[in-house]
Amino acid sequence: MAFRVCPCPREKLLSAETCVLLDRCFIGDPSEVFHRWGDGRGYTGYGPNFNTVQIETSSTLRKEYREAVIEFLSCLVREFSSTFLP
């Protein structure tokens, strides 16, 4: 699946190469597994339609490029919403 490039100021984030993995399944945090499949005792969870996105950033990005990262991620969420949600 391909997304068009967000009109966000990419150069603000760094000129480093970025790697994005799509359509990969990772087990994730135990709380995500709990909410997807339940606890096996009474809580059934939300089922296979419960999906999450995990984004990890380096401390440099968090500390020195915070506003640019927020702007970039906000742009991605807006683009995703306009592409996949009614």
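Considering only residues of the stretch 14-31 that are surrounded by 10 or more Cβ atoms within 10 Å (Cβ to Cβ) and modelled with pLDDT under 75, which is farthest from Thr57 (Cα to Cα)?
Top of the filtered list is Gly28.
Any chance you could count how many residues in the stretch 28-72 are of a type in the set (Lys, Arg) and at positive phi?
Count: 0.
Give the residues of the stretch 32-47 that are of a type outside the set (Lys, Arg) and either at pLDDT below 85 or out of contact with any helix residue (DSSP H, G or I) (no Cβ under 9 Å at 6 or more places or on another chain) (or both), sorted by residue number.
Selection gives Glu32, Val33, Phe34, His35, Trp37, Gly38, Asp39, Gly40, Gly42.
The values are calculated or read from the model by the stated rules, or taken from the named source; none is laboratory data. All values reported here derive from a predicted model rather than from experimental measurement. Neighbour counts run over all protein chains shown; Cβ positions are idealised from the backbone, glycine included.
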